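Asks: Next up is a structure, given as structure tokens.
The values are calculated or read from the model by the stated rules, or taken from the named source; none is laboratory data. Bear in mind the structure is a predicted one, so any value in this text is a computation, not a measurement. All Cβ positions, even for glycine, are placed from backbone atoms using ideal geometry, and neighbour counts span all protein chains on display. With ligands, DNA and RNA removed, areas are computed over all heavy atoms of the protein, side chains included. Shrake-Rupley method; radii C 1.70, N 1.55, O 1.52, S 1.80 Å.
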Amino acid sequence: MKQTNEMKIEFDSRACNESFARVSVAAFMTQLNPTLEEVADVKTALSEAVTNAIVHGYENQIEKICVACRIAGRELFLTVSDKGKGIEDIQKAMEPLYTTKPDTERSGMGFAFMEAFMDEVTVQSEPGKGTTVAMKKKIGRSYEMEYQN
């Protein structure tokens, strides 16, 4: 049976809390002895998910965002949830360069970055009820490759 560990944090949907979420998750995943690149990948994906919740889910209103982490074996499972406006068309929202806020400095690359830096990304959303982004990353790939030979 894989050893597991979990943590959950909830914070206000303020832009300044995005860095708090990044540091918290990075600290939690240190028990897996990740590479700097793995930590940077997770922090980038997490930043995109939290920023989406703040900007799109709550449209800069102050509400709560929940970040949950679970470690099972060498895998990190991460969810970012909000109870904001939700996503009308998830498939469209996940297209690179698609943005619902073209008049702002939004590039429409949030989901593309999450998918590039994590092994798996799934999105569940219901208009008017919120969104949950679930991500998974195997930690220690370079370690395994180095010691399998």
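Asks: List the lysines whose Cα sits under 24 Å from the Cα of LYS138, skipping any in the same chain fewer than 8 residues away.
Replies: Qualifying lysines at Cα under 24 Å: LYS2, LYS8, LYS43.
Asks: If each residue of separation counts as 0.36 nm, what is the full-extension length gain between THR4 and SER19 once their alpha-carbon separation is subtracted?
Replies: 2.9 nm
Asks: Continuing with the same structure: In whole Å, what are the extents of the stretch 35-101 along the principal axes defined by its C-alpha atoms, from largest to smallest?
Replies: Result for the stretch 35-101: principal-axis Cα extents of 36, 27, 18 Å.
Asks: For the pair ALA27 and GLN124, how long in nm is the line joining their label points, each one 7 Å along Cα→Cβ?
Replies: Label-label distance for ALA27 and GLN124, simple model: 2.9 nm.
Asks: Taking a 1.4 Å probe, which of LEU46, LEU36 shows the most accessible area, and what order do the others take after it?
Replies: From most accessible down to least: LEU36, LEU46.
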